[in-house]
Amino acid sequence: APEHGASLDSLGSKQNSNPRALVGLTNLGNTCFMNSCLQCLSHTAPLSSYFMGENWKKEINTSSKSAQLAKDYASLCTDLWQGGKGSINPTSLKLQISKWAKQFSGYNQHDSQELLRFLIDGMQEGLL
């Protein structure tokens, strides 16, 4: 769980509970599709709690090309929930996405569902 800031522990456990990440994401060109996808993923409590904890570090697949994708997502997720900034620049994660999925290179609009699929598959591949 985060040291300070929002807690994901109660997400979904209380009917009227609506925890929100403390900061938003900077738009890089026409990448609102990416930002909305990342915000949705970050509000998936089990996934975010996992990446904000320590266990994922023990399960990183160092032989996978997607290991850095998982690391960058974990860093972004922690930054979103611990706050301290007005907005987070997702450039590092965007570069990893573009590196392994050429269709997302550049700063044009793309399909959120395709990106979501790539991110979930990539993060799974990046872990053991």
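Structure notes:
- Other-chain or far-sequence residues with amide H under 5 Å of ILE60's (modelled H): LEU128
- Per-residue 3J(HN,Hα) values for the range 69-79, derived from phi via the Karplus relation 6.51 cos²θ - 1.76 cosθ + 1.60 with θ = phi - 60°, read 4, 5, 5, 5, 5, 4, 5, 4, 4, 4, 4 Hz in sequence order (x marks Gly and Pro).
- Probe 1.4 Å - accessible area at GLU114, Å² to nearest ten: 100
- Value of Rg to Rh for the range 15-88 (Rh from inverse mean 1/r over Cα pairs, i.e. Kirkwood): 0.99
The values are calculated or read from the model by the stated rules, or taken from the named source; none is laboratory data. Fair warning: this is a prediction, and the values are worked out from it, not measured in the lab. Protein only, heavy atoms only, side chains kept; ligands, DNA and RNA dropped before computing areas. Shrake-Rupley method; radii C 1.70, N 1.55, O 1.52, S 1.80 Å.
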